[in-house]
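Everything below concerns the one structure shown next.
The values are calculated or read from the model by the stated rules, or taken from the named source; none is laboratory data. All of these numbers come straight from a predicted model, not from anything done at the bench. We place every Cβ from the backbone using ideal geometry, glycine too, and count neighbours over all the protein chains shown. Protein only, heavy atoms only, side chains kept; ligands, DNA and RNA dropped before computing areas. Shrake-Rupley method; radii C 1.70, N 1.55, O 1.52, S 1.80 Å.
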Amino acid sequence: SITERLAEIGTLFGQNVLADEASFMLELDGPDDLAGLPESLVAAAAEAAAERGLPGKHVITLSRSSIEPFLQFSTRRDLREKAFKAWIARGANGGKTDNRKIIAEILDLRVQSAHLLGYKNAAESALQFSMAKTPANVRKLLMEVWEPARRRAEEERAQLQDAVRTEGGNFQVEAWDWRYYAEKVRKAKYDIDEAEIKPYLQ
């Protein structure tokens, strides 16, 4: 019965995320809102708008193929912030598509299942047949990776902050800026324009 319930609410979880993705749209109004976007994304945004009964307009949705390139190329920081905040809030907007109670139930059911199988917790149960074997081994590996990964992330953040200053910006890099300035740094350092490469890598 636990397994059946987990399957049921696991499906519901995914449906809720998809429902939140489908219900959000960021309408782009005119050339200023489209600034920086590659032609392929502008065309996709026009198609998304037409599908939503807005012919002649442009819409960014929360589907990965729409939101990620928008965050990467849009020069409009205010719109990137709005889109990013909607993206990370999928399944946590209240109402019937909110996944927070489902998450709590999933965790509780996993603990119950682990106890029935003789394990102390769900992590022990899940790792029994993996290479790591125990939660302690997983944590040890994560902590070994953590510091070097953190140092590298801080180096990258400093590069992005330099790019902000170079452009004359007077703000701290936020999550919605990361892809945009990472693209600028990549182009400056390696002369790689992802928008030019993309048509060849369908």
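Return the single residue from Leu26, Leu116, Leu12 with maximal mean-square fluctuation; model: Gaussian network over the chain, springs between Cα atoms under 10 Å. Highest fluctuation among the options: Leu116. Loop-located chymotrypsin sites (Phe, Trp or Tyr not before Pro) in region 53-127 (DSSP state not H, G, I, E or B) with no more than 16 neighbouring Cβ atoms inside 10 Å: Tyr119. Comparing mean-square fluctuations of Val145, Val42, Val59 from a GNM of the chain with C-alpha springs under 10 Å, the top value falls on Val145.
Ranked by solvent-accessible area (1.4 Å probe, protein heavy atoms only, all chains present), the residues Ile9, Ile2 order from largest to smallest as Ile2, Ile9. Per residue, the convex hull around the alpha carbon atoms of region 111-202 comes to 196 Å³.
Pairs of Cα atoms nearer than 8 Å and 6+ residues apart set the relative contact order; for the chain it is 20 percent.
Note that the chain presents 65 Å² accessible area per residue, ligands and nucleic acids not counted, probe 1.4 Å. Of the options [x] 33, 24, 20; [y] 38, 26, 15; [z] 33, 21, 16, only one is semi-axes √(5λ) of the Cα gyration tensor in Å as computed from these coordinates, and that is [y].
Projected over every direction and averaged, the convex hull enclosing the alpha-carbon atoms of region 79-143 yields 6.8 nm². When shorter helices are ignored and each DSSP H run of at least 4 residues is given -39500 (n - 2.57), the per-residue value for the chain at 222 nm works out to -21500 deg cm²/dmol. Length gained on full extension, Ala22 to Thr3, computed as 0.36 nm times the residue gap minus the Cα-Cα distance: 4.0 nm. All Cα-Cα separations within region 13-104 were binned at 5 Å from zero, giving a P(r) of 3, 14, 26, 21, 17, 10, 6, 2, 1, each value a whole percent of the pairs. The length gained by stretching the chain between Glu51 and Asp108 to full extension, at 0.36 nm per residue less their Cα-Cα distance, is 16.5 nm.
For the pair region 37-52 / region 151-187, the C-alpha centres are spaced 27 Å from each other.
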